[in-house]
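Undergrad: My structure is below; once you've seen it, I'll send some questions.
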Amino acid sequence: MLDIGYSLSRRFPDPPQTDYRRADVRALRHDLFSGDVYLADTKADRELSTAWGWVPVLDFAWALCDI
């Protein structure tokens, strides 16, 4: 089984004045919601994860929809 997860960055938080309802697609996909993602194979007990804090988490999730 594949476990997919994320955590939002504390180092690169979204600006407090951000109005997500008015944000354009580029901002939503690439500039906001920075963080880390992980993929874990629970049967094999293996994990692939980032620890950079700047991965565009929403864009990552959006890309998974195309798989």
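Undergrad: Give the residues of the stretch 31-67 that are in contact with a helix residue (DSSP H, G or I) (Cβ under 6 Å, 6 or more places away or on another chain), of a type outside the set (A, V, I, L, M, F, W, C) and either outside any strand (DSSP E or B) or closer than 19 Å to Met1 by Cα (or both), sorted by residue number.
TA: Asp59
Undergrad: Pick from the stretch 18-30 the residues that are aliphatic (A, V, I, L, M) and in a helix (DSSP H, G or I): which of them is farthest from the chain's Cα centre (by Cα)?
TA: It comes out as Val25.
Undergrad: Let me ask another. Just give me the residues in the stretch 4-17 being under 17 Å from the mean Cα position of the chain (by Cα) and part of a loop (DSSP other than H, G, I, E, B), in sequence order.
TA: Those that are under 17 Å from the mean Cα position of the chain (by Cα) and part of a loop (DSSP other than H, G, I, E, B): Ser9, Arg10, Arg11, Phe12, Pro13, Asp14, Pro15.
Rule-based calculations on the coordinates, nothing more; no lab input. What you see is a predicted model, and the numbers here were worked out from it, not measured in a lab. Virtual Cβ from ideal backbone geometry, glycine too; neighbours counted across all protein chains shown.
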